[in-house]
Amino acid sequence: MKKIKAILVDDEEGARDVLENLLLRFCPDVELVAKCSNVLQAVEVINTQQPDLVFLDIEMPNYSGFEIVNFFKEINFEIIFVTAYDQYAIKAFEVAAIDYLLKPVDIERLKHSVARVVLQRNIEQQSQRLSLLSNTLESKQLKNIIISDKGQQNIIPIESIIAIEAQESYCTIHVNDKTFVASKNLRHFETLLESLPQFFRVHKSWLVNKKYIKHYSKSDLSIQLSNGLTTKLSKYKKAEFEEAIAS
(Lines give C-alpha, C1' and ligand atoms only; values in the text may rest on other atoms or scores of the structure.)
Protein backbone atom coordinates (compact mmCIF):
# COMPACT_ATOMS: atom_id res chain seq x y z
CA MET A 1 0.00 0.00 0.00
CA LYS A 2 1.25 3.45 -0.88
CA LYS A 3 2.21 5.45 2.19
CA ILE A 4 0.49 8.69 3.12
CA LYS A 5 2.80 11.68 2.76
CA ALA A 6 2.48 13.90 5.80
CA ILE A 7 3.94 17.05 7.30
CA LEU A 8 3.52 18.36 10.82
CA VAL A 9 3.27 22.00 11.80
CA ASP A 10 3.92 23.19 15.36
CA ASP A 11 5.87 26.15 16.70
CA GLU A 12 7.20 24.08 19.62
CA GLU A 13 10.19 21.89 18.73
CA GLY A 14 9.47 19.46 21.56
CA ALA A 15 5.89 18.94 20.35
CA ARG A 16 7.14 18.31 16.80
CA ASP A 17 9.63 15.72 18.04
CA VAL A 18 7.05 13.92 20.19
CA LEU A 19 4.56 13.60 17.35
CA GLU A 20 7.28 12.53 14.92
CA ASN A 21 8.32 9.72 17.27
CA LEU A 22 4.73 8.59 17.72
CA LEU A 23 4.20 8.45 13.96
CA LEU A 24 7.40 6.48 13.44
CA ARG A 25 6.51 3.96 16.13
CA PHE A 26 2.79 3.51 15.68
CA CYS A 27 1.76 4.69 12.20
CA PRO A 28 3.70 2.73 9.55
CA ASP A 29 1.34 3.95 6.82
CA VAL A 30 2.61 7.52 7.27
CA GLU A 31 5.73 8.90 5.63
CA LEU A 32 6.70 12.14 7.38
CA VAL A 33 8.33 14.33 4.74
CA ALA A 34 8.72 17.61 6.67
CA LYS A 35 8.35 19.39 10.00
CA CYS A 36 7.44 23.08 10.05
CA SER A 37 7.49 25.67 12.80
CA ASN A 38 4.93 28.11 11.38
CA VAL A 39 2.14 28.51 8.84
CA LEU A 40 4.16 30.35 6.19
CA GLN A 41 6.82 27.65 6.19
CA ALA A 42 4.09 25.02 5.98
CA VAL A 43 2.51 26.73 2.96
CA GLU A 44 5.84 26.63 1.13
CA VAL A 45 6.37 22.96 1.98
CA ILE A 46 2.83 22.02 0.99
CA ASN A 47 3.29 23.65 -2.41
CA THR A 48 6.53 21.73 -3.06
CA GLN A 49 5.84 18.40 -1.35
CA GLN A 50 2.10 18.05 -2.05
CA PRO A 51 1.37 16.05 1.12
CA ASP A 52 -1.76 13.97 1.63
CA LEU A 53 -2.04 14.88 5.30
CA VAL A 54 -1.09 17.84 7.50
CA PHE A 55 -0.89 17.61 11.28
CA LEU A 56 -1.58 21.22 12.23
CA ASP A 57 -1.21 22.96 15.57
CA ILE A 58 -3.73 25.74 16.11
CA GLU A 59 -2.11 28.22 18.47
CA MET A 60 1.00 29.56 16.73
CA PRO A 61 2.48 33.08 16.44
CA ASN A 62 1.65 35.36 13.47
CA TYR A 63 -0.84 32.97 11.86
CA SER A 64 -3.04 30.42 13.61
CA GLY A 65 -3.46 26.98 12.15
CA PHE A 66 -6.95 27.87 10.89
CA GLU A 67 -5.51 30.58 8.68
CA ILE A 68 -3.63 28.14 6.48
CA VAL A 69 -6.73 27.84 4.30
CA ASN A 70 -6.33 31.50 3.27
CA PHE A 71 -3.15 30.65 1.36
CA PHE A 72 -4.74 28.10 -1.00
CA LYS A 73 -7.44 28.35 -3.63
CA GLU A 74 -8.27 24.70 -2.99
CA ILE A 75 -7.49 22.44 -0.05
CA ASN A 76 -6.35 19.12 -1.54
CA PHE A 77 -4.96 17.60 1.63
CA GLU A 78 -6.45 16.23 4.83
CA ILE A 79 -5.96 18.15 8.05
CA ILE A 80 -5.76 16.71 11.56
CA PHE A 81 -5.61 19.52 14.10
CA VAL A 82 -3.43 19.07 17.15
CA THR A 83 -4.65 21.24 19.99
CA ALA A 84 -4.68 21.97 23.69
CA TYR A 85 -7.99 23.84 23.30
CA ASP A 86 -10.75 23.87 25.89
CA GLN A 87 -13.90 21.76 25.94
CA TYR A 88 -15.98 24.29 24.00
CA ALA A 89 -13.53 24.19 21.09
CA ILE A 90 -13.66 20.40 21.10
CA LYS A 91 -17.42 20.64 20.53
CA ALA A 92 -16.72 22.93 17.60
CA PHE A 93 -14.51 20.25 16.07
CA GLU A 94 -17.26 17.68 16.54
CA VAL A 95 -19.86 19.99 15.02
CA ALA A 96 -17.73 20.52 11.92
CA ALA A 97 -16.82 16.82 11.61
CA ILE A 98 -13.12 17.65 11.58
CA ASP A 99 -10.55 15.35 13.11
CA TYR A 100 -8.41 16.54 15.98
CA LEU A 101 -5.86 15.30 18.51
CA LEU A 102 -5.63 16.66 22.03
CA LYS A 103 -2.26 17.39 23.59
CA PRO A 104 -0.71 15.30 25.03
CA VAL A 105 -1.44 13.07 22.04
CA ASP A 106 -3.14 9.77 22.84
CA ILE A 107 -1.60 6.90 20.87
CA GLU A 108 -4.87 5.08 20.16
CA ARG A 109 -6.55 8.30 19.03
CA LEU A 110 -3.61 9.01 16.73
CA LYS A 111 -3.77 5.53 15.20
CA HIS A 112 -7.53 5.88 14.71
CA SER A 113 -7.19 9.28 13.01
CA VAL A 114 -4.51 8.05 10.64
CA ALA A 115 -6.51 4.91 9.84
CA ARG A 116 -9.50 7.04 8.91
CA VAL A 117 -7.38 9.03 6.45
CA VAL A 118 -5.95 5.81 4.99
CA LEU A 119 -9.38 4.27 4.47
CA GLN A 120 -11.45 7.27 3.49
CA ARG A 121 -9.94 10.53 2.42
CA ASN A 122 -12.58 13.23 2.22
CA ILE A 123 -10.90 16.38 1.03
CA GLU A 124 -13.61 17.58 -1.33
CA GLN A 125 -15.52 19.39 1.39
CA GLN A 126 -12.56 20.24 3.61
CA SER A 127 -12.84 24.00 3.00
CA GLN A 128 -16.53 23.93 3.87
CA ARG A 129 -15.86 22.09 7.13
CA LEU A 130 -13.00 24.40 8.04
CA SER A 131 -15.17 27.45 7.42
CA LEU A 132 -17.87 26.07 9.71
CA LEU A 133 -15.28 25.29 12.38
CA SER A 134 -13.74 28.75 12.20
CA ASN A 135 -17.14 30.49 12.36
CA THR A 136 -18.22 28.39 15.32
CA LEU A 137 -15.06 29.15 17.27
CA GLU A 138 -15.21 32.85 16.42
CA SER A 139 -18.86 33.32 17.37
CA LYS A 140 -18.69 30.98 20.37
CA GLN A 141 -22.09 29.69 19.27
CA LEU A 142 -23.10 26.33 17.84
CA LYS A 143 -25.27 27.33 14.89
CA ASN A 144 -24.78 24.49 12.40
CA ILE A 145 -23.79 20.88 12.42
CA ILE A 146 -22.33 18.70 9.66
CA ILE A 147 -23.96 15.29 9.18
CA SER A 148 -22.44 12.72 6.83
CA ASP A 149 -25.26 10.73 5.23
CA LYS A 150 -24.88 8.31 2.30
CA GLY A 151 -21.48 9.70 1.41
CA GLN A 152 -22.70 13.29 1.38
CA GLN A 153 -21.95 15.96 3.96
CA ASN A 154 -24.90 18.12 4.94
CA ILE A 155 -24.70 21.38 6.88
CA ILE A 156 -27.80 21.48 9.07
CA PRO A 157 -28.83 24.56 11.08
CA ILE A 158 -29.17 23.40 14.67
CA GLU A 159 -32.33 25.49 15.10
CA SER A 160 -34.03 23.45 12.35
CA ILE A 161 -33.56 20.11 14.12
CA ILE A 162 -36.93 18.90 15.39
CA ALA A 163 -35.75 15.71 17.05
CA ILE A 164 -33.00 13.11 17.01
CA GLU A 165 -34.03 9.47 17.19
CA ALA A 166 -31.74 6.67 18.33
CA GLN A 167 -31.60 3.43 16.35
CA GLU A 168 -28.96 1.17 17.90
CA SER A 169 -25.57 2.75 17.10
CA TYR A 170 -27.11 5.16 14.55
CA CYS A 171 -29.34 8.20 14.83
CA THR A 172 -31.95 9.73 12.57
CA ILE A 173 -32.00 13.52 12.57
CA HIS A 174 -35.47 14.87 11.79
CA VAL A 175 -35.43 18.25 10.06
CA ASN A 176 -38.84 19.46 8.79
CA ASP A 177 -39.78 16.97 6.06
CA LYS A 178 -36.27 15.56 5.71
CA THR A 179 -34.29 12.99 7.65
CA PHE A 180 -30.56 12.33 7.85
CA VAL A 181 -28.90 9.22 9.22
CA ALA A 182 -25.69 9.64 11.23
CA SER A 183 -23.36 6.91 12.43
CA LYS A 184 -23.29 8.36 15.95
CA ASN A 185 -25.22 7.32 19.04
CA LEU A 186 -27.70 9.56 20.82
CA ARG A 187 -25.30 10.24 23.69
CA HIS A 188 -22.96 11.92 21.17
CA PHE A 189 -25.64 14.41 20.13
CA GLU A 190 -26.89 14.93 23.69
CA THR A 191 -23.37 15.93 24.74
CA LEU A 192 -22.88 18.05 21.64
CA LEU A 193 -26.07 20.03 22.25
CA GLU A 194 -26.06 20.13 26.06
CA SER A 195 -25.36 23.87 26.12
CA LEU A 196 -28.58 24.55 24.20
CA PRO A 197 -31.55 24.48 26.60
CA GLN A 198 -34.11 23.89 23.85
CA PHE A 199 -32.94 20.28 23.48
CA PHE A 200 -34.23 17.74 26.00
CA ARG A 201 -33.64 14.00 26.31
CA VAL A 202 -37.22 12.79 26.79
CA HIS A 203 -36.56 9.07 26.39
CA LYS A 204 -33.66 6.67 25.93
CA SER A 205 -34.38 6.86 22.19
CA TRP A 206 -35.33 10.51 21.72
CA LEU A 207 -33.78 13.96 21.99
CA VAL A 208 -36.32 16.66 21.10
CA ASN A 209 -36.25 20.38 20.40
CA LYS A 210 -38.80 21.90 22.80
CA LYS A 211 -39.75 24.68 20.42
CA TYR A 212 -41.28 22.11 18.04
CA ILE A 213 -43.52 20.47 20.65
CA LYS A 214 -47.14 20.75 19.51
CA HIS A 215 -48.90 18.72 22.19
CA TYR A 216 -47.98 16.87 25.36
CA SER A 217 -50.26 14.21 26.86
CA LYS A 218 -49.74 13.65 30.57
CA SER A 219 -52.06 10.63 30.59
CA ASP A 220 -50.09 8.45 28.17
CA LEU A 221 -46.76 10.29 28.36
CA SER A 222 -46.60 11.08 24.65
CA ILE A 223 -45.22 14.14 22.87
CA GLN A 224 -46.49 15.26 19.48
CA LEU A 225 -44.05 17.31 17.40
CA SER A 226 -44.80 19.85 14.69
CA ASN A 227 -43.80 17.54 11.82
CA GLY A 228 -46.29 14.85 12.91
CA LEU A 229 -43.82 12.73 14.87
CA THR A 230 -44.98 11.31 18.18
CA THR A 231 -42.43 10.36 20.82
CA LYS A 232 -42.70 8.72 24.21
CA LEU A 233 -41.72 10.46 27.43
CA SER A 234 -39.93 8.33 30.00
CA LYS A 235 -41.76 8.26 33.35
CA TYR A 236 -38.41 8.97 34.98
CA LYS A 237 -38.13 12.20 32.97
CA LYS A 238 -41.72 13.39 33.54
CA ALA A 239 -41.14 15.89 36.36
CA GLU A 240 -37.95 17.31 34.82
CA PHE A 241 -39.62 17.61 31.40
CA GLU A 242 -42.70 19.39 32.74
CA GLU A 243 -40.46 21.85 34.57
CA ALA A 244 -38.42 22.41 31.37
CA ILE A 245 -41.40 23.17 29.14
CA ALA A 246 -42.91 25.47 31.77
CA SER A 247 -39.81 27.66 31.93
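The values are calculated or read from the model by the stated rules, or taken from the named source; none is laboratory data. A quick note: this is a predicted structure, and the numbers were derived from the prediction, not measured. With ideal geometry, Cβ positions are generated from the backbone for all residues, glycine too; neighbour counts draw on all protein chains shown. These area figures cover heavy atoms from the full protein model, side chains too; ligands, DNA and RNA do not enter into them. Shrake-Rupley method; radii C 1.70, N 1.55, O 1.52, S 1.80 Å.
Some notes on this structure:
- Given (1) open to solvent by 50 Å² or more (accessible area, probe 1.4 Å); (2) over 14 Å from ILE158 (Cα atoms), index of the condition GLU194 fails: (2)
- For segment 186-216, the set of residues classified as at pLDDT below 90 and farther than 16 Å from LYS91 by Cβ is empty.
- Pairs, first among the small types (Gly, Ala, Ser) in segment 201-212, second open to solvent by 30 Å² or more (accessible area, probe 1.4 Å) and in a strand (DSSP E or B), C-beta under 8 Å, six or more apart: SER205/GLU165; SER205/GLN167; SER205/LYS232
- Only a single item in (1) in contact with a Phe, Trp or Tyr (Cβ under 8 Å, 6 or more places away or on another chain); (2) at pLDDT 85 or above; (3) in a strand (DSSP E or B) is not met by ASN154, and it is number (2).
- Residue satisfying condition, being among the charged types (D, E, K, R) and open to solvent by 60 Å² or more (accessible area, probe 1.4 Å), within set GLU12, GLU20: GLU12
- Selection count, segment 227-247, where residues are open to solvent by less than 70 Å² (accessible area, probe 1.4 Å) and under 21 Å from THR179 (Cβ atoms): 4
- If you go through segment 188-217 and keep only what is farther than 21 Å from SER247 by Cα and touching a strand residue (DSSP E or B) at 6+ places or on another chain (Cβ under 9 Å), you end up with HIS188, PHE189, LEU192, LYS204, SER205.
- Close contacts from segment 217-240, counting a first residue that is under 16 Å from SER205 (Cβ atoms) and of a type in the set (A, V, I, L, M) and a second that is open to solvent by 60 Å² or more (accessible area, probe 1.4 Å) and in a helix (DSSP H, G or I), with Cβ to Cβ under 7 Å and a gap of 6+ residues or different chains, come to LEU221/LYS235; LEU221/LYS238.
- A single member of PHE199, PHE189 is out of contact with any Ser or Thr (no Cβ under 7 Å at 6 or more places or on another chain), hydrophobic (A, V, I, L, M, F, W, C) and open to solvent by 20 Å² or more (accessible area, probe 1.4 Å), and it is PHE199.
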